[in-house]
Amino acid sequence: MELRIERQVNPVADEVSALASVVRPILEGLLWGLRKEVVAEVGGYPQVKLRMLPRLYRRGDGDIGLCFEYAVHHAIRTGQPGVCERVADALKLCNLRGSELTSLLFAIEKTGKLDLVESVREALTDESRLLYGTRGRPVKLKQHIDLVASAFSRPSARAALPQSISGLWKADLFLGNPDVDGWVGTTIKINAADLRAARGLRVGVVPTRQGRGDRVVKDSQRNLIVCPLPYDGSFMELFYAGWRIVQQFIAADAQLPNEDALPLPHERQIARELEMRRESPLLAVVRVLEAQAQPSLLESRQTSAVTTSERAEDVQSVAESVLAPIPRETPH
């Protein structure tokens, strides 16, 4: 039996670095969510300065969902354990058991960014398999990716897709194991009640719902592996804190909000860092935050335990002998 033991290696007191790691994809999501015609008037996305965001941005119902997609993608790409371990469990339930884990951002329906399609195409090989959860041979994802991308705006393209993946254009990410060249279409919803099935989608990433379990489970009715992300002291709590900072910063016209809006010192420090760079291009600010972000809060260790006749408390004692105390997650 393999036991995975986690311990915190960077202090929680470093809230500023932890917040920087999630504010960065939130800002990026807001940037790419801006209307193209509005951005064109200021010279394109690379020319959008941070101080322009309050004038160009118009808050909408889908904004937080788009930023959540960027944040989940970024968490997987940077190896944040609280997210990656749950996603790895979800991929195992999809019969993907590689040792590497990555995310390819698609989100084509919100941003319409052509380079997203190009980056996905470049990451795939001619043999990249898409597992879609029904009987039949996995499809070769790369040969369909352009048709999938165009299906959002062209009903004729949807009709041309193989029936087994006719809903794949709704994917926000492709999650996979490059070492086994296997991938799954993934939908991400900030509101778990909005999670919907579609042919070709295999994993649904959502926040943990109040009063519900947070285990990764197979939903047979929707043919989806549901992957809830935890709240307290974990990814979702951090994400909402970052979202609040960015919204208050925008409301203050890209300046430091007053203490009533952001009363906590570490939140004000992030806002102060943004105010210092209000004249910088937003993409440059994103790069600075990338350098400041805390790469990982946890360290994982694996150990083997012989379990021929151990009871559950014996396994617990083995874990405690390797590392104490063991952080435990409070179920919701």
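Among residues of the range 177-217 being in a loop (DSSP other than H, G, I, E, B), β-branched (Val, Ile, Thr) and touching a strand residue (DSSP E or B) at 6+ places or on another chain (Cβ under 6 Å), the one that is nearest to Tyr132 (Cα to Cα) is Val216. Scanning the range 202-234 for residues being among the small types (Gly, Ala, Ser) and either touching a Gly at 6+ places or on another chain (Cβ under 8 Å) or at pLDDT 95 or above (or both) gives a total of 2. Residues in the range 218-234 that are outside any strand (DSSP E or B) and closer than 27 Å to Gly200 by Cα: 5 in all. In the range 17-41, which residue that is without any contact (Cβ under 8 Å) to a residue 60 or more places away in the chain and not in a helix (DSSP H, G or I) is nearest to Met236 (Cα to Cα)? That would be Leu34. The lone criterion from (1) buried (at least 18 other Cβ atoms within 10 Å of the Cβ); (2) touching a Ser or Thr at 6+ places or on another chain (Cβ under 7 Å) left unmet by Thr134 is number (1). From the list Leu96, Leu116, the lone residue that is of a type in the set (A, V, I, L, M), at pLDDT below 95, surrounded by 15 or more Cβ atoms within 10 Å (Cβ to Cβ) and not in a helix (DSSP H, G or I) is Leu96.
Can you name every residue in the range 161-176 that is more than 15 Å from Cys227 (Cβ to Cβ) and either touching a strand residue (DSSP E or B) at 6+ places or on another chain (Cβ under 9 Å) or assigned to a helix (DSSP H, G or I) (or both)?
Step one: of the range 161-176, the residues more than 15 Å from Cys227 (Cβ to Cβ) are 161-170.
Selection gives Pro162, Gln163, Ser164, Ile165, Gly167, Leu168, Trp169, Lys170.
Please find, among Ala75, Ala90, the residue that is farther than 13 Å from Phe239 by Cβ, touching a residue at least 24 places away in the same chain (Cβ under 8 Å) and in a helix (DSSP H, G or I). Testing whether each residue is farther than 13 Å from Phe239 by Cβ, touching a residue at least 24 places away in the same chain (Cβ under 8 Å) and in a helix (DSSP H, G or I) leaves just Ala90.
The values are calculated or read from the model by the stated rules, or taken from the named source; none is laboratory data. Computed from a prediction, not measured in an experiment: that's the story for all the values here. Using ideal geometry, Cβ is built from the backbone for each residue, glycine included, and neighbour counts are taken over all protein chains shown.
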